[in-house]
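Below: one structure in C-alpha cells.
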Amino acid sequence: MPRCRPQNPSDVGPAFRAALDGFDPDRPALILGHFDADGLAATAILARALDRAGRPAEIRITGKGENPWSLAMGRELQARQPGGLIATDLGIREGDILPGVPTVLVDHHVPSGTPGGAVVISGNGWVPEPTSALLAFWCAEGLGQAEGLSWLAALGLIGDMATGDFPELAEAQARYGKTALREAVALVNAPRRTAAADAGPALELLLKCDGPKELVKGDHPETALLREARAEVAAELDRARRTAPKVRGDIALIRFASPCQVHPLVAQAWRGRLKNKIVLATNTGYRPGWVHFAARTATGTDLIRFLADHRPPGAGTEYGSGHVQATGGALRPADWNDFAARIGFPEEQVPDA
C-alpha cells in the first residue's frame, strides 16, 4: 500500500525527508520527470535541492509517448541500479514503477491506481491544489535547500494554470516579474511539443539559471533552441486551429494530423469558443500507430469520468489520466475506432495499421 500521504503543505517536507532515509546512500537516486513546464520545474527543484544537500541525483525525463509504468521503462531504469527513485508529475498509477527500489511519487494528478509501496506526496484534491513543482519546492524546504528556487515553483504553477492564492507564486512574481515568468514558461514548454520532443535544452536552463530573466535573455545557447522550438510549434498550431470542429450532441471533435503535440493547445483554444461542449482535439500524426487526443471543457463535466464511461476494452494506461477538466489519452487505431463510435462519431475511423 502507498505510504505517508501528506494532507497539507507542512506535512510534505517531513514526508520527503523520511522517504529519502529509505534510499541507499551509496548509490545515486534517480529523478524521473515529465517533460512539460511543471514536470521539468519539479525535476530541477528536486535535483538542485538534493545536490545542495550533498546527495546529487541522476535525471531521466520522459519523452514522446513514453510510459513510466511500461516494461521497457522498467528495464531501462533497473539497469541504472538507482539508490532510490523520485518520479514527479507522471501520475499515480497501479503497481510499482521499479519493484524493490524505494520510490517517492511527487504529483498532483487524479490517481488511477495504487502505486505499489511508493511514498505518495500528492496535492490532488487540496484546495487550492498545488502543482508538482510547488510540491517539489516544499520537499526542498524540508531539506532546508529551497532558497532561490521559488521561481521554478512559479513556472509549474503558471504552466499548469493553477488557480488559488499561493504565497510562493506571489513572492516569485514580486521578485522576478510576471512577464519574465510567463515568457519562461512559454519557452520551457515549447521543446516537448515539437516533432522531436527533446526537452533536454529546457531542463539544462532550469538547472543552471538563477531566474526567468536569465533564461529568456538568450545568453545561453539553449535559449536559441527553445525559440526555434516555439516557432515550430506556433506554425503547426496555426495550421491545426484552422480545422473546423464536428459537433454531435455535447461533444465537439476536431481531427487533424501533426507531428507536434498541439492537440492540447487546440482543445484549449476551442474550449473557450464552445463553452457548452466537451472538446476533443484528435491528432493522428503525433506518433505512428497511435491516435492521441486532448479533452477540455468549460461545462464542469468530470472528463476523467466521461472517458471512463466510454473506455474501449483495449485502452491502456495512456488513456484517461490527468485532471477532471483537462485530460486526454492515446489509443491504438482499433481502440480509437471503438471509442469514436461510442461517443457518436462512427465515421471517424482510422486505418488499423
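Would you mind listing the strands (runs of 3 or more DSSP E) fully within the range 287-341 where at least 1 residues are open to solvent by 50 Å² or more (accessible area, probe 1.4 Å) and more than 22 Å from residue 245 (Cβ to Cβ)?
Once the strands (runs of 3 or more DSSP E) in the range 287-341 are filtered for at least 1 residues that are open to solvent by 50 Å² or more (accessible area, probe 1.4 Å) and more than 22 Å from residue 245 (Cβ to Cβ), nothing remains.
A further question follows. Answer yes or no as to whether residue 295 is within 19 Å of residue 161 (Cα to Cα), touching a residue at least 12 places away in the same chain (Cβ under 8 Å) and touching a helix residue (DSSP H, G or I) at 6+ places or on another chain (Cβ under 6 Å).
Yes, satisfied.
Please go through (1) at pLDDT 95 or above; (2) open to solvent by 40 Å² or more (accessible area, probe 1.4 Å); (3) in contact with a Phe, Trp or Tyr (Cβ under 7 Å, 6 or more places away or on another chain) for residue 9 and return the number of the only condition it doesn't satisfy.
The single condition residue 9 does not satisfy is (1).
Mind telling me which of the residues 91, 116, 54 ends up being surrounded by fewer than 20 Cβ atoms within 10 Å (Cβ to Cβ) and either modelled with pLDDT under 95 or within 16 Å of the chain's Cα centre (by Cα) (or both)?
Going through 91, 116, 54 in turn, the sole match is 116.
While we're looking at this one, here's another question. Would you be able to tell me the number of residues in the range 92-115 that are small (Gly, Ala, Ser) and within 21 Å of residue 58 (Cβ to Cβ)?
Here the count works out to 1.
Is at least one residue of the range 136-153 within 19 Å of the chain's Cα centre (by Cα) and surrounded by fewer than 20 Cβ atoms within 10 Å (Cβ to Cβ)?
So far as the range 136-153 goes, no, none of its residues is within 19 Å of the chain's Cα centre (by Cα) and surrounded by fewer than 20 Cβ atoms within 10 Å (Cβ to Cβ).
On to the next question. Condition first: farther than 23 Å from residue 24 by Cβ and either β-branched (Val, Ile, Thr) or in contact with a strand residue (DSSP E or B) (Cβ under 6 Å, 6 or more places away or on another chain) (or both). Can you find one or more residues in the range 145-164 that meet it?
Yes, the range 145-164 contains at least one residue that is farther than 23 Å from residue 24 by Cβ and either β-branched (Val, Ile, Thr) or in contact with a strand residue (DSSP E or B) (Cβ under 6 Å, 6 or more places away or on another chain) (or both).
While we're looking at this one, here's another question. Answer yes if at least one residue in the range 268-285 is touching a residue at least 60 places away in the same chain (Cβ under 8 Å), under 20 Å from the mean Cα position of the chain (by Cα), within 17 Å of residue 251 (Cα to Cα) and not in a helix (DSSP H, G or I), and no otherwise. Talk me through it step by step, then tell me what you get.
Step one: filter the range 268-285 for residues touching a residue at least 60 places away in the same chain (Cβ under 8 Å), giving 280, 282, 284.
Narrowing further to those that are under 20 Å from the mean Cα position of the chain (by Cα): 280, 282.
Remaining after also requiring within 17 Å of residue 251 (Cα to Cα): 280, 282.
Next cut, not in a helix (DSSP H, G or I) only: 280, 282.
The answer is yes; a qualifying residue exists.
Okay, next question. Going through 123, 83 one at a time, which residue ends up being among the small types (Gly, Ala, Ser), touching a residue at least 60 places away in the same chain (Cβ under 8 Å), in contact with an Asp or Glu (Cβ under 7 Å, 6 or more places away or on another chain) and buried (at least 18 other Cβ atoms within 10 Å of the Cβ)?
Values: 123 fails: touching a residue at least 60 places away in the same chain (Cβ under 8 Å).
None of the others qualify; the one that does is 83.
The values are calculated or read from the model by the stated rules, or taken from the named source; none is laboratory data. Because the structure is a prediction, the values reported are computed rather than measured. Virtual Cβ from ideal backbone geometry, glycine too; neighbours counted across all protein chains shown. Ligands, DNA and RNA are excluded from the accessible area calculation, which covers all protein heavy atoms including side chains. Shrake-Rupley method; radii C 1.70, N 1.55, O 1.52, S 1.80 Å.
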